[in-house]
Amino acid sequence: MFTQSNFKKHLDVIQSLKKALSTELSEIEDILDLLLKWMSCRMIDNNPGVTKGIIEILSDLMDCLEKESYTLYDSEAAILLPMLVERAGNSA
């Protein structure tokens, strides 16, 4: 599902991730770098629905990680920050 070109499949993955945040956060932490890379790739697609979903899941994910006192590794931040800066620059 992660490599599909069908945007509806991406939205399905986003919905699954939202559900997993409440029940499988430790597993998400284990693959956080992979998820952040996937989210970065999907943000490049410029599909408004997928972009909105990714921003929402990132917000929810960061809230959950903060509650768990999780600190991003440098490698995870290096994936996340350029994507956010790029999107912030294009949102005008």
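Readers should treat all values here as calculations from the given coordinates under stated rules, not as data from a laboratory. Bear in mind that the values here come from a model prediction, so they are computed numbers and not experimental data. No Cβ is skipped: glycine too gets one built from the backbone with ideal geometry, and neighbour counts run over all protein chains shown.
For this structure, a couple of remarks:
- Residue satisfying all of: in segment 19-54; charged (D, E, K, R) and under 10 Å from the mean Cα position of the chain (by Cα); farthest from residue 80 (Cα to Cα) among these: 42
- Residue list for segment 67-92, restricted to those being exposed (fewer than 13 other Cβ atoms within 10 Å of the Cβ), of a type in the set (Asp, Glu) and closer than 20 Å to residue 14 by Cβ: none
For (1) assigned to a helix (DSSP H, G or I); (2) within 10 Å of the chain's Cα centre (by Cα); (3) among the basic types (Lys, Arg), each residue gets a yes or a no:
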residue	(1), (2), (3)
56	yes, yes, no
64	yes, no, no
69	no, no, no
82	yes, no, no
89	yes, no, no
